[in-house]
Amino acid sequence: MCGISGIISKNAISRDAIEKMTDAIIHRGPDDYGYYHGPGVALGHRRLAILDLSKAGHQPMEYLDRYVITYNGEIYNYIEIRKKLESEGYAFQSHTDTEVIMAAYDKWGVYCVKQFNGMWAFAIYDKEKNLVFCSRDRFGVKPFYYWVAPDGAFYFGSEIKQFSFLSDWKAKVNPQRVYDYLVFGITNHTDETLFQDVYELPKGCSMCIAPDKVKVGDNGRLPATKWYEFVPEKFTGSFKDASVELKTILADSVRLRLRSDVPVGSCLSGGLDSSSIVCIMNKLLHEESASSLQKTFSACSEIEQFSEKKWIDEVVNEISVDAYYTYPSLKNLLENLSTITWHQDEPFDAPDIFAQWSVFHLASNNKVKVMLDGQGSDEILAGYSSFFPSRFAGLLKSKKFLDFWKEIRLTKKLHGISQVQSLMKTANILLPNNIRRPFLELVADHNPSPKWINMDVLKALPLNPYLSLGGHVTDIQAMSKIQLMFTHLPKLLHWEDRDSMAHSIEARCPFLDYRLVEFVLGLPDEYKLSNGLTKRVLRNGMSGVLPNSIRDRMDKKGFMTPDKVWMSGDDSGRFREKLNHAVKRSHGILNQGSSKILEDMISDKKPFTSLPWRLINFGEWMSVFNVSV
């Protein structure tokens, strides 16, 4: 829920600045707004009312005449924490989780966050100590950006665009992160953004800031304290035991995430993850004798090979739900491209994001304010094909040669991945870095200094960001950590937060309950991926819950758009035009060689990738935010 903003400074703080920053994110909280303006601290808030819809939930909220908070998120176990605090003598004036956070901070100090099961980004001002405590949840579901002005003032907000309303802030490219996005399609893998000098408070971290002494490092960052570290819960039971335990924890996670004083719906793609949530949610609602049908929202395609509708209908026909469908079109994507880019803050590397955007738009039109979604499952349960090479490499490293060849063959049979391709990707993991670089150029046609980018203009180094994130991972647990923290989930959470909040909807992710993450990461690799089967323990745990046709699916689509058809079909001219505009808007970073990339893919001279889209959206981003080099 909500959007936050704040200014911390030893100098006088302009009320106009905090109001403009807060007004910029009205979409995150159209139900209410408020400000706190004290000596050295100004806080702003836009409210999306989810719990206790009365005025008692107004923010910034004060507690004990000492603490002031601006908060975005949900603490799902707030009822249990509240009972614990009430037994200690704490009293409450509202039925919000917001008030519980401040009481918990008074009781446990900075360690209060260890009590929370949820998603959050908040700042608590302690008037007595003249100190601001800022915190972000374990997996970075909710955003927290900051920028330190030349005069030492500290500005923070839920979205980067809030800084564009400050007189001293200028939108400039951050060369290395722009390079990572353009060449490798990776974002959100560090605490830096594509905007120079704008940082994220890292996930699972906190900061304490005194208005009279904002201490900034040489790199423009403020020191952050990591309060959460992955500690996988080692499991020694049987596969059957693990399946039962996973089902139990997931069901409790969904139960907690149904706590709301407004309607709760769910995304339904027809895949294993969203279908599991929908079916568990359906069972829980029936047990509670819910007065209305559960609502599901899905994106489909008119082109059958890109559509999940037949799978979605399998779930819809199995249980009693009120199902809604949307069919994203190229016309609507291009008409909304500037708006989506503005909401996303940073360029996105594939049009698939528009399918998710359309789902939240549909939910909003049907008066749903909370949506459950399946983010996080692929990363913890080895759902991506990128897990296969690590599994193969681990078997080779352990000298399990027969198992290695068995997995190679079954992966080809079930997923259509050739043995040659599997071997090459496995070799890429096992080779040392000095050999991997030329190997990558040979097998993946990867050039770290491509001709279509002017490196002398961008002034970035031709470095592969994946090599520093753990390119030699030979076990599923380690790969899960990398995908959770760096390569996959952070980007997907960024997209989902902006897509949902653009439509004033709160998205909740049951698979990212920290109890479930720690449990699944501690399971043996073969419980998650073996015999060519991904997500084995989830498939087994959902027996009797999901339709067997969904539980046994091997293909993977999710909410997707027919990118190749759009770019190479009758509308290819529109993409050529967009790409030409991107080159002009890039201030010399892109050159005319960019056009050849699209032409080679349209003519099938090169395999289709998302690269043309990355270039197009980069130009759109430069234009929307008036970014300079």
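The values are calculated or read from the model by the stated rules, or taken from the named source; none is laboratory data. For clarity, every value in this text was computed on a predicted model and none was experimentally measured. Here the Cβ is made from the backbone with ideal geometry for all residues, glycine too, and neighbour counts use every protein chain on show.
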Flag if residue 517 is in contact with a Gly (Cβ under 9 Å, 6 or more places away or on another chain) and in contact (Cβ under 8 Å) with a residue 40 or more places away in the chain: yes
Exclusive hit being touching a residue at least 40 places away in the same chain (Cβ under 8 Å), closer than 30 Å to residue 373 by Cβ and assigned to a helix (DSSP H, G or I), set 114, 142: 114
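May I ask you to say which residue of 585, 536, 574 is in contact (Cβ under 8 Å) with a residue 60 or more places away in the chain and surrounded by fewer than 20 Cβ atoms within 10 Å (Cβ to Cβ)?
So the residue among 585, 536, 574 that is in contact (Cβ under 8 Å) with a residue 60 or more places away in the chain and surrounded by fewer than 20 Cβ atoms within 10 Å (Cβ to Cβ) is 574.
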Total residues in segment 525-556, condition in a strand (DSSP E or B) and more than 22 Å from residue 473 (Cα to Cα): 2
Flag for residue 366 being modelled with pLDDT of 95 or more, surrounded by fewer than 24 Cβ atoms within 10 Å (Cβ to Cβ) and out of contact with any His (no Cβ under 6 Å at 6 or more places or on another chain): yes
Lone qualifier among 180, 197 - being buried (at least 20 other Cβ atoms within 10 Å of the Cβ) and charged (D, E, K, R): 180
Some residue of segment 244-252 being within 30 Å of residue 285 (Cβ to Cβ) and touching a Ser or Thr at 6+ places or on another chain (Cβ under 8 Å): yes
Top-ranked residue of segment 375-408 - restricted to ones that are charged (D, E, K, R) and closer than 18 Å to residue 430 by Cβ, ranked as surrounded by the fewest Cβ atoms within 10 Å (Cβ to Cβ): 399
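Let's see how each residue does on (1) assigned to a loop (DSSP other than H, G, I, E, B); (2) under 27 Å from residue 624 (Cα atoms); (3) over 20 Å from the mean Cα position of the chain (by Cα); (4) of a type in the set (A, V, I, L, M):
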position	(1), (2), (3), (4)
315	no, no, yes, yes
331	no, yes, yes, no
355	no, yes, no, yes
367	yes, no, yes, no
Breaking point among (1) in contact with a His (Cβ under 9 Å, 6 or more places away or on another chain); (2) surrounded by fewer than 20 Cβ atoms within 10 Å (Cβ to Cβ), for residue 326: (2)
Those residues of segment 588-599 which are free of Cβ contacts under 8 Å to residues at least 60 places away in the same chain and not polar (S, T, N, Q), in sequence order: 598, 599
Segment 195-245, residues that are at pLDDT below 90, aliphatic (A, V, I, L, M) and over 18 Å from residue 9 (Cα atoms): 231
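Could you tell me whether residue 241 is within 14 Å of residue 542 (Cα to Cα) and either of a type in the set (Phe, Trp, Tyr) or crowded, with 20+ Cβ neighbours inside 10 Å (or both)?
Taking the combined requirement at face value, the residue does not satisfy it.
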